[in-house]
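Asker: Sharing a structure here in structure tokens format.
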């Protein structure tokens, strides 16, 4: 989000999922689309059927790689080098859209100068992709329009996550692919309402609609509406919160619908922090690993038991309807927050989610033209500033939100932790098609549990042979932060020297091993790359 | 017999697929894809097709819990909300609002996230609010 906001002025997906169907080229990188966003993948299949060229760059050989016209497996954490290399070739060959660059962007000469440093031979050495393949990729992407870029956590969960995203924005802009139908830079959101949580001010630096807390006008507007002088210094990010607990600065943590005890890197550290906090309040629908550590547990209602709205990955605000009453004594989360606030001494009196939505509209320009009545049919995509506005299918038409598109000069930096003699293999983590995030919802589902009951580590068959590891054998995987025992799954999906572990499974938690080193700007941890050791268990 | 289908939105990934929950006598018994939804157009993935199974899981939290003598014990809503509110009040009074941190959620609704943002900034008085979009 930080990367796209810097380049374009808005951190959201630029285009919509159905538009993918009419793209001429789709470049998929760091998104295992068929497993994690199957319905987005459907639109890519339709594009393929209509003749679109598909390019896949992913350290694993994913299902989309089979579909692709060109599929490459770059080394883990070498995305910036790869993208700079592609742009180097595009400029050398004159395949860029110079008219678009001149009219719509700024900072091109500085970028072009930096790209001189990334000739194909050097990029081939860093990424492991040969120079002729790099040239074919660059040509395929640059020569037809519209070209759409689709990415996900494989791009962002790095210490260079923001650099990776900015590099994708560079690539889209030098080829003139932002601000048009079926083009753009498109992050697929991993959770149903990540977009909404960001839109609604669930971030330390902004109110709803990305209005900065430090902006005098915005702060005054919200202070007046809420009858309090509001703090104007940005707060702590999630990883800074845990460090704040360690330093004794954070005494209370209120966690709603999150399970950091499984999703966050370096779980030993998370656990020791949660034990230290004086007051841990957890509001969830399941007794998660985090809830079990809480001083107070507040049972929320699930999506089928309440009303409200979700904002999907393409900025579409959709109406959620109540099907059944909340189970047991659980209550809708909005009622719990309202009542907690009142008891704390700041009364709230909302009688329905729709009443809250009316307040959202009054304070959030991008949502101002929406209403539950208008959302009832197909939802509306923000920005939707007036009651007559049809919503916005793709962003940055004719003009970027920030004015001109900003190129960034991005040098390649290796991952925070690299392999060495003690920890000689690369570990990457991710999700599978059956399960979801920390598994609290999917692992209690009998049908899904039957599909995939336990965790595993994917290892290349050649590596397994060398280490005398058999398919299905329990082995030990360790890093500088912890160790787990886990079943081996021999798979050519991962290259030699690389292993992959899905992070859904608490008993074989990949995040015991991962590295909490984080991107300096977005503060996103490097969950996708660390160094590990793989060993047979003692007989 | 009371049978209804309720149109709503899947709560797994960010695609926001449309679904019809089949409700029989107050229980969600099945899930169907929604043909008229602009993104999913009659499709669902394996997780979406089976979403009713987690709704009905007997592992769901059904009562508030409060820790007493090291053990989490069942509590009334009054007890739990008071414990939470008074605990927060004590910490804010002793250490200031920035001693509190809040994790909002990519799983709950816009309205609920908006209230958390208001609770954090207006009630507690801190900008220490974030969520797991980074993870």
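A short reminder: the numbers here are calculations on the coordinates, not readings from a lab. The structure presented is a predicted model; accordingly, all values stated were derived computationally and were not measured. Note that we place each Cβ from the backbone using ideal geometry, even for glycine, and neighbour counts take in every protein chain shown.
Asker: Quick check on the exposure proxy: order B:3, A:8 from fewest to most C-beta atoms within 10 angstrom.
Answerer: B:3, A:8
Asker: Restricting things to alpha carbons, tell me how big the range A:432-485 is in terms of Rg and Dmax, in Å.
Answerer: Calculated on Cα positions, Rg and Dmax stand at 14.0, 38 Å.
Asker: May I have the convex hull volume per residue, in Å³, for the Cα set of the range B:3-55?
Answerer: Hull volume over Cα atoms, normalised by residue count, gives 63 Å³.
Asker: I'd like the mean, over residues of A:225-233, of how many other protein chain beta carbons sit within 10 Å of each residue's own Cβ.
Answerer: Other-chain Cβ atoms within 10 Å of each residue's Cβ, averaged: 4.
Asker: Which of B:63, A:37, A:437 has the fewest other C-beta atoms within 10 Å, and how do the rest follow up to the most?
Answerer: B:63, A:437, A:37
Asker: Where does each of B:130, A:102 land when they are ranked from fewest to most other beta-carbon atoms within 10 angstrom? Walk me through the numbers before you get to the answer.
Answerer: Details: B:130 26, A:102 9.
Listing B:130, A:102 from fewest to most nearby Cβ atoms yields A:102, B:130.
Asker: Continuing with this model, one more query. For peptide A:433-440, compute the average count of partner chain beta-carbon atoms within 10 Å of each residue's beta-carbon.
Answerer: Details: counts 3, 4, 3, 5, 6, 1, 0, 4.
The mean count of partner-chain Cβ atoms within 10 Å per residue comes to 3.
Asker: Expressed as a whole number of Å, what is the distance separating the alpha-carbon centroids of the range A:381-399 and the range B:82-127?
Answerer: 32
Asker: Right, here's the next one. For chain A, calculate the relative contact order in percent as a whole number, restricting contacts to Cα pairs under 8 Å that are 6 or more residues apart.
Answerer: For chain A, the relative contact order is 17 percent.
Asker: State the three equivalent ellipsoid semi-axes of the range A:89-142, derived from the C-alpha gyration tensor as the square roots of 5 times its eigenvalues, in descending order and whole Å. Intermediate values should be presented prior to the final figure.
Answerer: On the way: eigenvalues 104, 37, 10 Å².
After scaling each eigenvalue by five and taking roots: 23, 14, 7 Å.
Asker: Moving on to the next point. If you average 1/r over all unlike Cα pairs in the range A:212-367 and invert the result, what Kirkwood radius do you get in angstrom?
Answerer: With all distinct Cα pairs of the range A:212-367 included, I get 17.9 Å.
Asker: Sticking with this one: Among B:95-105, A:91-101, how do they line up from the highest to the lowest mean number of other beta-carbon atoms within 10 Å?
Answerer: Packing proxy ranking, top to bottom: B:95-105, A:91-101.
Asker: Specify, per residue and in Å³, the volume enclosed by the convex hull of the alpha carbon atoms belonging to the range A:290-362.
Answerer: Taking the convex hull of the Cα positions in the range A:290-362, it is 128 Å³ per residue.
Asker: What list of whole percents do you get for P(r) of the range A:425-536, with Cα-Cα distances grouped in 10 Å bins up to the one holding the largest distance?
Answerer: With a bin width of 10 Å, the distribution comes to 15, 45, 31, 8, 0.
Asker: Next question, about the same structure. Could you work out the relative contact order of chain B, using alpha carbon pairs under 8 angstrom and six or more residues apart, expressed as a whole percent?
Answerer: Working: 177 pairs, mean separation 17.2, N = 135.
Across chain B, relative contact order equals 13 percent.
Asker: A further question on this structure: Using a/c under 1.5 as the rounded threshold, could you call the range A:336-457 rounded, prolate or oblate? The axes a ≥ b ≥ c are square roots of the C-alpha gyration tensor eigenvalues, and prolate needs a/b larger than b/c, oblate otherwise.
Answerer: Details: a/c = 2.05, a/b = 1.36, b/c = 1.51.
Cα axes put the range A:336-457 in the oblate bin.
Asker: Between B:111, B:53, B:22, where does the largest GNM mean-square fluctuation fall for chain B, given springs only between Cα atoms within less than 10 Å?
Answerer: B:111
Asker: Here's something else I'd like to know. If you restrict to DSSP beta bridges whose two residues both lie in chain A, what percentage is antiparallel, to the nearest 5?
Answerer: Around 40 percent antiparallel, to the nearest 5.
Asker: Ok, one more. Kindly provide the helix-only [θ] at 222 nm of the protein assembly as shown, computed as the sum of -39,500 (n - 2.57) over DSSP H runs of four or more divided by all residues, to the nearest 500 deg cm²/dmol? Before the final figure, lay out each step's value.
Answerer: Values: 25 runs with 212 residues, N = 674.
It lands at -8500 deg cm²/dmol.
Asker: Just to verify a number: FRET efficiency for residue A:329 and residue A:377, C-beta to C-beta distance, R0 = 41 Å, to 0.05? Numbers along the way, then the final one.
Answerer: Working: r = 34 Å, r/R0 = 0.84.
For residue A:329 and residue A:377, the calculated efficiency is 0.75.
Asker: Between residue A:271 and residue A:355, what is the label-point separation in nm under the 7 Å Cα-to-beta-carbon projection?
Answerer: 4.4
Asker: Let me ask you something else. What is the distance in Å between the Cα centroid of the range A:475-539 and that of the range B:1-76?
Answerer: 31
Asker: While we're on this one: Spin-label point model (7 Å from Cα, Cβ direction): what's the residue A:99 to residue B:73 distance in nm?
Answerer: In this crude spin-label approximation the distance works out to 7.7 nm.
Asker: If you average 1/r across every pair of different Cα atoms in the range A:153-292 and take the reciprocal, what Kirkwood value do you get, in Å? Display every interim value, and only then the final one.
Answerer: On the way: mean 1/r = 0.0556 Å⁻¹.
One over the average 1/r among Cα pairs gives 18.0 Å for the range A:153-292.
Asker: Jot down the per residue volume, in cubic angstrom and as a whole number, of the convex hull over the alpha-carbon atoms of the range A:1-115. Before the final figure, lay out the partial values.
Answerer: Numbers: hull volume 15.5 nm³, N = 115.
Dividing the Cα hull volume of the range A:1-115 by its residues yields 135 Å³.
Asker: Could you check the spin-label model distance between residue A:131 and residue B:62? Points 7 Å from the Cα along Cα→Cβ, value in nm.
Answerer: In this crude label model, residue A:131 to residue B:62 measures out at 6.9 nm.
Asker: Let me ask you something else. What is the spread of the Cα atoms of the protein assembly as shown along each of their three principal axes, largest first, in whole Å?
Answerer: Principal extents (Cα only, largest first): 69, 68, 56 Å.
Asker: Expressed as a whole percent, how much of the Cα-Cα distance distribution for chain B exceeds 18 Å? Could you put the intermediate results ahead of the total?
Answerer: Values: 6324 of 9045 pairs.
Here the long-distance tail beyond 18 Å is 70 percent of all Cα pairs in chain B.
Asker: Also, I was wondering about something else. Would you tell me the mean number of C-beta atoms belonging to other protein chains that fall within 10 Å of each C-beta in A:17-25, as a whole number?
Answerer: 1
Asker: For the pair residue A:470 and residue A:223, what calculated FRET efficiency results from E = 1/(1 + (r/R0)^6), where r is the Cβ-Cβ distance and R0 = 51 Å, to the nearest 0.05?
Answerer: The computed FRET efficiency comes out at 0.20.
Asker: Using only alpha carbon pairs under 8 Å that are at least six residues apart, calculate the relative contact order of the range A:200-277 and give it in whole percent.
Answerer: Answer for the range A:200-277 is 22 percent.
Asker: I've got another one for you. Debye sum, Cα scatterers, the range A:303-408, no solvent: what log₁₀ I/I(0) at q = 0.11, 0.17, 0.18, 0.22 1/Å?
Answerer: Reported log10 I(q)/I(0), two decimals: -0.46, -0.89, -0.95, -1.19.
Asker: Residue separation times 0.36 nm, minus the C-alpha to C-alpha distance between residue A:113 and residue A:462: what's the value? Don't jump to the answer; show the numbers that get you there.
Answerer: Values: separation 349, 0.36 × 349 = 125.64 nm, distance 4.17 nm.
So the chain would gain 121.5 nm between residue A:113 and residue A:462.
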